Each structure stands twice: as C-alpha cells, then as structure tokens.
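Asker: Could you have a look at this structure, given as structure tokens, before my questions?
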Amino acid sequence: MVTTDEKGPLTAKKKSVIIRSCDGDEFLVSESAAVLSTSLKKILEEKEDRLIHLSDIDNKTLAMVIAYLSTHADDGLSDDLKRSFDQEFVSGKEFDVLKYLVLATDTLQVTCLCYTVAKKMADIMKNKLVEWVRREFDIQNDYTPEAEAEIRRLDAWAWDDRQLEDD
Amino acid sequence: MWILWDRFLLFLGRKRKIPIRAFKVPSILSARFDFEPLEEVKEEKDEFSLLDLPDLPLDCILEKLSPLELCSMAMVCSSLRERCKSDHLWEKHMKQKWGGVIGDVAYREWQSQLASKRAPKFLHCKTQSKFQLFFGLFDFFGFKSEILERKNDLEGSLQVNSVMSLYLALETGKFWFPAQVFNREVQNGHVGFVLSCYDAQLSYDSTTDNFVARYRAQGRSMIEEEIEWDRIRAPTIDTPANVLHISDCLDELKPGDHIEIQWRKNKVFPYGWWYGVVGHLESCYANEFNCQCHINDSVILEFKQYNRGSRWSKTMISRKDHREVGNERDGFYGGIRKLYKKEEIAKWKQLWPNCTLE
C-alpha cells in the first residue's frame, strides 16, 4: 500500500466508508463527507462496519447526495466555491429528480441540502397552475367543483393579473 | 490502496473548478470486501404525493413561497390548504410587509372584530376529515356565500384567528386598522398638519400599493387617499388619542433633545403628536459651558418648521408639574415623549417641509 498518511494503512482505511444504494450500487465515500449526514454519522458511531446499506435511496439519488457531501467536506474549497457548487448542483434538475433528492436529504438528515433543494422546488412551483401541482405531486383534488369555484372567486386577490404556467 | 484511489480521484476532481467526488466503487475492487448480504432491494420508485413528504422538506418548500403562492397551493387540496395556512408560514410575511404599521392596538382591534362576528361556518369537501374543511375566513370577511350558508349546520368551529386571515384582511383592505399618519391631509392640500402624526383608521389598496385614511373629529369623518407607506407608523405608545399621555421624561429633558408632544386645537378634538426639539431659555444665550437649562424648572420646546415669529414656533412647559397647558387660541399642549431612537428622529427629518410655515 502506497500512502503518505503517517498513521499507516489501518487508520487510513477507516477514513472511508462504502454506502450501498437500494439497487445495489456501492459508493466509496470519505468518512469526513459521510458524517455531514446526521444519520450516517449516527450509524458510524454505533457500529464498526464500513458498509452502510440504504434501503430506500436509489443509486442516482445517492450519487448526487454523495457528490454534495464530498464537496462540502473538502476543506480545500472556499465557501464561495461551495455556494456556487450548490447553485450548479440544483440548476437544471428535473422536478421529479428533486422530489427524490429532497426525500433522501430527509432520510440522511442533511439539512443544508434539504434547504437548497426545497428552495429550488419552490422556485419551480412558483407561478404554476394548481393543476400542475396536482399532477406533479399526484394529489387528488378533494374539493367539490362548487367549492373550488367558490374559493377561486373569493381568493380573487390571489388570482388577479397572474400569468400561471402549466409546464 | 483505498487512500491512493481516493487521492487519485481527488486529484482528478481538483483539476476541475468544482470537484465532485462521488464515485461508484468499481465492482472488481468492491469484491474484495466482505459485504453484508443485500437486504430486500426496492426495485421501483413509487409515485409519492407532496403530502407524503416529511414535515421538514415540505415546510422548507412552503416557507419559500410568497403569500400569493401559498394561496395558490391552498387551492390544490384541502389538506395542503391546512398546511398553507399555518401561522408560522405567515408570521414571516406578516412581519415583512406589515410589521412597521401594525402594532398592538391594531392586533387588539382585529381580535375584537373577530369576537364580535358570528361563528364562522364550514364548507365540506368530498371526503370527511377535520383537515378537509374549508376555512371560515371568507365568512369573516362578510362575503355572501351560498355554499357557506348551505353548509352552516356543520360541526365545530373553525379558527379564523390566524395570521393568514389577518394578512389577507389587510391585503384586501377589508380590515380598517388603527395606525398613525404623518403630515395628515397633506394630500388634500393642507399644510396645517406638517410634522405631526395623527391617529386614523386605514385601509390598504393592493392595486395602487397605498392607503386610504379615515380621521375622526367631532363626530365627522375626514377621508384622505393615496397615502404612501412612508407616511404611516404603528402607534408608538398605548395612550389613545383622546387621553393625556403622562410624560415620564421631564426630568431629563435638555437642550437639543428631540421630542414629540401631544397637541390639540381644543378640548373636544383628539390629540396628535407633534415633533419638536428642546431649546435654550432666553436667559441662557445658548452658551454650552454656562448652560443651566437642563436644571431649570421651565423647558422651552421649539417647533422649527414654523417662522420665528409664529405663535406655533415655541412653547414653554413646567418641568415639575406639566399637565395639559394652553388656551383656545393657541391650542393645548399635552404629554411629551422623548425620542431616543435615531430612526424615529430620522423619520421626522425626512418629512421636513421645503419652506418654513407661518
């Protein structure tokens, strides 16, 4: 083993963990990155295993979360660079991708990423039609047609002069 | 070996401006580990609803939405409506837009208006759940709703005492709230109220982003329109406009202090607050080394917006037993507030007239 770490290979090996997604893909992550997730930190404190299996996060979502954690764990990067990484990280991502990402941040308890993703989702949801939200989030409209018409009429303040989008 | 791999990846990452260091473990390498047997693998993603999101992410999203957008979201379904009208989401918006003009008096007025309205009614949804009941806000607003009328035999009472309901009542101009207006009626062409602040009932117009004020005097009602935000403030103290404020700063008043004093034209009119400064007594010659004004029983108050010769330009009060002083000709001077905050003083200076007044 070639390493410059003075503490030797045994200690060095402990510095990485392997995280397995629900579909079986495995990711090598430095421990300093993993512990930015409160959930992973707890698991690592409780057991010696270097392998963590996440049964409800798929490989694509997990890869994104790990990219985020690794960047934020890198002491060599300035805060400005990390902020611009955050912006780039969520830009252009499909709404569907963000939904699973925000769920993963909750499972892994990565609060700062949760805020970043939630903000992006809110930005996308702005100026969208009610129907768009129902469709994207699979929400059943439980208002009766007359009740819905009534709310729309009464909420006129919120509906006037707004260009709403359906895509 | 692992470290080497990691560092190699790190090296690759650093070549780029923003490194991403999440890499799948190559299957050959990962085979070296004794992995735990795979647990049950979830093959398919189930569609999930916004409502299935845990509280934190859902709240994070809703917190980022504006009042208008929260109203849109509330349209989606009844349980989302329930989430969207949470006080904690609206408190931020309330403070941001209305914090400067809505004070304790306005809150109390709102509460008493709510209490005097009849109990709100419900609107039913297709499914029966306490979360799927339409909120009774609109009933409060006095909208005539046939649906609401038809559904008025439904269970329970619904909280209209929410921050959202107050916000919407303000935004739609339905709630005439008590506040104070600087330079009253200047919009109507009056200069007689320059550098004063009077109590009024105000209603917001969201289309023009300004206010209509209603002043009451001697049973009559004066209306002023198109009042901008910077001419309004929440009342600074609890004393109502027809009650003498008990001054608590008399002992410390010294030349140069900024004050507001109550003044009314006659004893049946409400007080307004007038801006002034503490001046030097005539015997003092404004000599800062020999000045004894701060221990003299008489205090001179100057209103420099008026010409020196004007009867409104100064008045004298007694430091020891100042109550209301004045007469039918010059009006009556009441309680005094010393201004400590720079912002309050700056506000008055911002309203200074272009020329002195007679």
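The values are calculated or read from the model by the stated rules, or taken from the named source; none is laboratory data. The structure presented is a predicted model; accordingly, all values stated were derived computationally and were not measured. No Cβ is skipped: glycine too gets one built from the backbone with ideal geometry, and neighbour counts run over all protein chains shown. Only protein heavy atoms, including side chains, enter the accessible area calculation; ligands, DNA and RNA are left aside. Shrake-Rupley method; radii C 1.70, N 1.55, O 1.52, S 1.80 Å.
Asker: Using a 1.4 Å probe and counting only protein heavy atoms, how much accessible surface gets buried when A and B come together, both sides summed, in Å² to the nearest 100?
Answerer: 6800
Asker: So for the pair residue B:248, residue B:269, with labels modelled 7 Å out along Cα→Cβ, what separation do we get in nm?
Answerer: 2.9
Asker: Can you tell me the FRET efficiency between residue A:93 and residue B:206 if r is taken as the Cβ-Cβ distance and R0 is 51 Å, rounded to the nearest 0.05?
Answerer: Numbers: r = 35 Å, r/R0 = 0.68.
Efficiency at R0 = 51 Å is approximately 0.90.
Asker: On to the next question. Sort largest first and round to whole Å: the equivalent ellipsoid semi-axes of the stretch B:54-94, each the square root of five times a Cα gyration tensor eigenvalue.
Answerer: The three semi-axes for the stretch B:54-94 are 14, 13, 9 Å.
Asker: For the stretch B:221-358, what is the convex hull volume of its Cα atoms per residue in Å³?
Answerer: On the way: hull volume 19.7 nm³, N = 138.
Cα convex hull per residue, to the nearest whole number: 143 Å³.
Asker: Determine the dipole magnitude for the stretch A:1-154: charges of +1 sit on the beta-carbon of Lys and Arg, -1 on that of Asp and Glu, nothing else is charged, the reference point is the Cα centre, and the result goes in debye to the nearest 20.
Answerer: On the way: 22 positive and 29 negative charges, 42 e Å.
Dipole about the Cα centre, nearest 20: 200 debye.
Asker: In nm, what is the difference between 0.36 nm times the number of residues separating residue B:330 and residue B:116 and their Cα-Cα distance?
Answerer: So the extension gain works out to 72.9 nm.
Asker: Shifting gears a bit: Can you give the FRET efficiency for residue B:107 and residue A:51, using 1/(1 + (r/R0)^6), R0 = 56 Å, r = Cβ-Cβ distance, to the nearest 0.05?
Answerer: 0.50
Asker: Still on this model: Taking the Cα of residue B:49, stepping 7 Å toward and past its beta carbon, and measuring to each backbone N in the stretch B:61-104: which are under 16 Å?
Answerer: Residues B:73-84 fall inside that zone.
Asker: With respect to the cross-link table entries B:254/B:347; A:41/B:97; B:64/B:174, which display a Cα-Cα separation exceeding 31 Å?
Answerer: Listed pairs above 31 Å: A:41/B:97.
Asker: Across peptide B:49-58, what mean number of C-beta atoms from other chains lies inside 10 Å of a residue's C-beta?
Answerer: Rounded to a whole number, the mean comes out at 6.
Asker: Once the piece of chain linking residue B:342 and residue B:355 is laid out straight, how much longer is it, given 0.36 nm per residue of separation minus the C-alpha distance between them? Mind dumping the intermediate values first?
Answerer: Numbers: separation 13, 0.36 × 13 = 4.68 nm, distance 2.36 nm.
Taking residue B:342 through residue B:355 to full extension adds about 2.3 nm, to one decimal.
Asker: State which entries of B:314/B:349; B:95/B:314; A:47/A:119; A:82/A:128 exceed 27 angstrom in Cα-Cα distance in the structure shown.
Answerer: Working: B:314/B:349 18 Å; B:95/B:314 38 Å; A:47/A:119 34 Å; A:82/A:128 30 Å.
In this structure, B:95/B:314; A:47/A:119; A:82/A:128 lie more than 27 Å apart at Cα.
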